[in-house]
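Step one of this worksheet: look at the structure below.
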């Protein structure tokens, strides 16, 4: 079926390929990625665009002795296929299958595990310095793209790497179509000269003779300025000012040019950066035309490009958030939205269309997003800052120092909270409850359905001081009629009893409240279900009622047991002894691998069946 790909088990198998065979291999890789992703959805467009760069690195360098470090990792599909996981690739992102991201536990070719943005340069620098200190003859390559270079960590890594003089090659996979490609004979001539062994040998000798003196620094500044003016690449001057030798841009989807350039750069030393222009979705016209939609398109027909949507009767939480935010913006001219490159995913693209002057996409910069929101709040605005829960961890310091400490009214909406499914351990938003409930003056809430999400957004809008956190899951809501429910604020720190029983009280937070109601229905009159709504402040009156009337309490949460709702209730019971025993259901003290959301929830015992099992134990059944 695949003339070349079926014969490749490790990257060494492509070493003898001709340029034409490499082109054919790239075409087969794209066809296979499309085939698998059409029925087993994943991150498509990014991986299609990076095929030649990945093939080129494995062709020129000697992996796994030489190290290839990815950024984010959703562009690494060709890498997985070439490194002994061709058959396993069909199981990607499914239970007991391989991860959708590089994972050190999976393969020696995965030099560093990734999933979040802007980490590659720092990690690759660490690998390069480790090789130097151990006198290992290893080359290290960092492949960064899809906006990851805007992240602060990437710039920190560049700054440190340039100063260290480490033997490190950074490939900037630039698939931004707004950047014009430099073409023509002069560009090609300069690229050939700057990658020439002779040129670099002479350059190194001259620098060594000059030493680190004023004349050398003057010549370096003059050369950088001249190259920037001559070729029109101010970005090159930026990288060179940080201590990197800058090469490119090249056509990153031309395998011959990629291989030719990498061969020259492989034999150089020191920090160097190769700027490669690629097309996101390359080779699949539908994805090329709409790379945002086809970043992760779900199921589709690879022949027609038609996306296959599963029918559903419920709205997604992100849709509720986006519509309610627009409602609030219409009512209040001070309401603004801030997101770190997640506008479509979180639903804030609606605000961008209706109120573009009050919408801010700051790029992949979670820390900046929070502090920028704090600045907006200090200036009298009412910012709603939406970040995926797992990525909010990066802004922990800013939430404490810049928002809470100054008691600034910033609404932090954490989408994709809890178990997220196929993206697995790197993306599960399970630490937010435990992380943020310890912050003074913070409000931490979780809606059980779409109506409560709307109500909590109205509550947060009216809140005057400190961070107000609303965390809610990925995917579909419960089907609650939120559009027909007027927006109204809820009393902060107050929960409610939804079901009265005599023996066991379930204390739940978030959508798992609904699973608790399903389970409790099997023991009518014996199980109470409480929706706490707020982890902080806890509803002490509600806890006193539950602990005083029931012999056994069960907490249920879609977050880590250590320090979350279970921890909070345990602390309250220690301070207010009531004689009731306590059990906690939540995410155990380990990372949960990729699977569907329902499979992950069943594994952790927080679905209706898991709650039933706990109730059966209590009742001795």
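The values are calculated or read from the model by the stated rules, or taken from the named source; none is laboratory data. Just so it is clear, the model here is predicted, and its values are computed rather than measured. Here Cβ is always computed from backbone atoms with ideal geometry, including for glycine, and neighbour counts include all displayed protein chains.
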Inside segment 558-583, can you point out the residues that are touching a strand residue (DSSP E or B) at 6+ places or on another chain (Cβ under 9 Å), closer than 21 Å to residue 436 by Cβ and either assigned to a helix (DSSP H, G or I) or touching a residue at least 60 places away in the same chain (Cβ under 8 Å) (or both)?
-> 558, 559, 560, 562, 564, 565, 566, 567, 568, 569, 570
Among 363, 305, 347, the single one that is touching a residue at least 24 places away in the same chain (Cβ under 8 Å), surrounded by fewer than 19 Cβ atoms within 10 Å (Cβ to Cβ), at positive phi and touching a helix residue (DSSP H, G or I) at 6+ places or on another chain (Cβ under 9 Å) is 363
Taking segment 277-298 and the residues there that are in contact with a strand residue (DSSP E or B) (Cβ under 7 Å, 6 or more places away or on another chain) and within 22 Å of residue 31 (Cβ to Cβ), the one that is modelled with the highest pLDDT would be 278
Just name the residue that is surrounded by the fewest Cβ atoms within 10 Å (Cβ to Cβ) out of those in segment 38-67 that are under 20 Å from the mean Cα position of the chain (by Cα) and not in a loop (DSSP other than H, G, I, E, B).
-> 46
Tell me which of these residue 404 doesn't satisfy, since it passes every other one: (1) crowded, with 18+ Cβ neighbours inside 10 Å; (2) touching a helix residue (DSSP H, G or I) at 6+ places or on another chain (Cβ under 7 Å).
-> (2)
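Table: residues versus (1) more than 18 Å from the chain's Cα centre (by Cα); (2) part of a helix (DSSP H, G or I); (3) outside the structural domain of residue 594 (by TED's automatic domain parsing).
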site: 345; (1), (2), (3): no, yes, yes
site: 351; (1), (2), (3): yes, yes, yes
site: 364; (1), (2), (3): no, no, yes
site: 367; (1), (2), (3): no, yes, yes
site: 375; (1), (2), (3): yes, yes, yes
site: 387; (1), (2), (3): no, no, yes
site: 391; (1), (2), (3): no, yes, yes
site: 402; (1), (2), (3): yes, yes, yes
Return a yes/no flag: does segment 521-533 have any residue that is without any contact (Cβ under 8 Å) to a residue 24 or more places away in the chain and over 30 Å from the mean Cα position of the chain (by Cα).
-> yes
Among (1) more than 22 Å from residue 97 (Cα to Cα); (2) part of a helix (DSSP H, G or I), the one test that residue 16 misses = (2)
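Mind listing whichever residues of segment 589-605 are assigned to a loop (DSSP other than H, G, I, E, B) and touching a strand residue (DSSP E or B) at 6+ places or on another chain (Cβ under 8 Å)?
Hits for segment 589-605 are 589, 605.
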So which of 288, 323 is in a helix (DSSP H, G or I), surrounded by 15 or more Cβ atoms within 10 Å (Cβ to Cβ) and not assigned by TED's automatic domain parsing to the domain that holds residue 379?
-> 288
Filtering strands (runs of 3 or more DSSP E) wholly in segment 414-526 for at least 1 residues that are buried (at least 23 other Cβ atoms within 10 Å of the Cβ) and touching a helix residue (DSSP H, G or I) at 6+ places or on another chain (Cβ under 7 Å) gives 443-445, 468-471, 504-508
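Looking only at residues that are in a loop (DSSP other than H, G, I, E, B) and in contact with a helix residue (DSSP H, G or I) (Cβ under 8 Å, 6 or more places away or on another chain) in segment 527-548, which one is nearest to residue 612 (Cα to Cα)?
My answer is 532.
Would you check if residue 331 is closer than 25 Å to residue 452 by Cβ, at pLDDT 95 or above and buried (at least 17 other Cβ atoms within 10 Å of the Cβ)?
no
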All positions within segment 155-171 that are crowded, with 24+ Cβ neighbours inside 10 Å and touching a strand residue (DSSP E or B) at 6+ places or on another chain (Cβ under 7 Å) | 161, 168, 169, 170, 171
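Applying the selection to segment 600-614, what residues are touching a helix residue (DSSP H, G or I) at 6+ places or on another chain (Cβ under 6 Å) and either loosely packed, with under 14 Cβ neighbours inside 10 Å or closer than 21 Å to residue 502 by Cα (or both)? Even if it seems obvious, please write down each step before you answer.
Here is the first cut: in segment 600-614, the residues touching a helix residue (DSSP H, G or I) at 6+ places or on another chain (Cβ under 6 Å) are 606-608, 611-612.
Selection gives 608, 611, 612.
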Is at least one residue of segment 21-34 in contact with a strand residue (DSSP E or B) (Cβ under 9 Å, 6 or more places away or on another chain), under 22 Å from residue 174 (Cβ atoms) and assigned by TED's automatic domain parsing to the domain that holds residue 129?
-> no
